[in-house]
Each structure stands twice: as structure tokens, then as C-alpha cells.
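Here the structure comes first, spelled out in C-alpha cells, and everything after it is commentary.
The values are calculated or read from the model by the stated rules, or taken from the named source; none is laboratory data. As the structure is a computational prediction, the values presented were derived from the model and not from experiment. Quick reminder, even Gly has a Cβ in these numbers, built from the backbone with ideal geometry, and neighbours come from all protein chains shown. What goes into the accessible areas is simple: the full protein's heavy atoms, side chains included, and nothing from ligands, DNA or RNA. Shrake-Rupley method; radii C 1.70, N 1.55, O 1.52, S 1.80 Å.
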Amino acid sequence: CHLKKSLRTFSLDNIQTIQTQKESAKDIAESKLEEHFESAFGIFSGKADKTAILKFSYPHAKYIEKEQWHPEQKGEWHGDHYILTLPYNNPTELIMDILKYGAAVEVIEPEKLKQAVTKEINKMSNIYKN
């Protein structure tokens with residue numbers, strides 16, 4: 001992004017206007033692109049700076065074991081629970097993926113992610129209280 005002078009991800013369907021620039025595009029090393037766009041979970045790029053630890057209960061756990069959420073994820077069984085560890089940066093998409101498993105998943109760490117998921121669950125619950 002020339003305006004922000006940094007790497008950005010743009011959703012093509014949200015671009016409303018475009019203009020050509022007089023300056024040429026900058027060559028960026030592939031290693032820097034990979035670090036920025038591939039080190040963290042999901043579509044929100046940026047260098048992964050946090051690690052999520054998620055605990056899945058059976059029977060969902062047997063399916064999670066076979067899924068790839070991130071190339072650098074780690075998973076291991078603890079009895080009938082599957083613990084998934086993965087790097088992330090922006091939690092937005094990760095929270096959405098966590099919520100789709102409902103009570104079959106628990107955020108173990110970090111506390112800030114656990115609080116964000118709890119806040120969203122409470123907001124959802126308030127919609128259906130009547």
C-alpha cells in the first residue's frame with residue numbers, strides 16, 4: 001500500500017476506485033511476503049505474534065485432528081480431547097472459526113482471546129434472551 005507504506009491485503013470486492021501510479025511497483029523479497037501473508041492464521045495477514053491453544057471435545061476432535069488450520073499448527077490428544085495450537089495475529093477470523101464449534105471447543109490460551117470469544121458469546125446470547 002503506497003498510502004500506508006506497508007504490505008496490506010485488499011478485498012477486491014471492496015475496492016471502489018483505482019488509479020495508476022507514476023512510480024513503479026516495488027519488488028519485495030519472497031521471504032518477506034511469506035512472513036507477512038503466511039505466518040498467521042486466516043486471511044488477516046501480518047506476522048503471527050500470538051499462539052492460540054484450543055481444546056476440542058469428542059466427537060468434533062476426531063475431525064479437527066484431520067483439518068489443517070495453519071501449516072505450523074500442532075495437535076495432540078489428551079484423553080478424549082484434542083489440543084490444537086496455532087499461530088495468529090488478528091483474532092477476527094479465528095474467533096469466527098472457534099464459535100462455529102460451539103460448546104465443543106474451549107479457548108485455553110491466551111486469556112485475551114478467551115475474553116474476546118466470551119464477549120461475543122455474551123452478545124449472541126443477549127439476542128436470544130427473549
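A few notes on this one:
- For Ala48, residues with placed amide H under 5 Å, excluding near neighbours: Ser39, Ala40
- For Lys62 and Thr17, the FRET efficiency from 1/(1 + (r/R0)^6), where r spans their Cβ atoms and R0 equals 41 Å, is about 0.25.
- Taking amide hydrogens as placed 1.01 Å from N in the peptide plane, the amide H of His81 sits under 5 Å from that of no residue at least 5 positions away in sequence or on another chain.
- Global geometry of segment 46-98, whether rounded, prolate or oblate, following the gyration tensor of its Cα atoms and the 1.5 cut on a/c: prolate
- Peptide ranges 84-94, 120-130 listed from the most packed, as the mean C-beta count within 10 angstrom indicates: 84-94, 120-130
- Sorting the segments 22-29, 47-54 by their residues' average number of neighbouring beta-carbon atoms within 10 angstrom, most packed first, yields 47-54, 22-29.
- Solvent-accessible surface of the chain, taken per residue with a 1.4 Å probe and all protein chains present: 76 Å².
- A simple spin-label model places the labels of Asp27 and His2 2.0 nm from each other, with each point 7 Å out along Cα-to-Cβ.
- Carbon and sulfur %, accessible surface of the chain computed with the full protein complex present, 1.4 Å: 51
- Entries in Lys62/Lys119; Lys26/Lys119; Lys62/Lys123; Lys4/Lys100 that, when Cα-Cα distance is taken, lie over 32 Å: Lys26/Lys119; Lys4/Lys100
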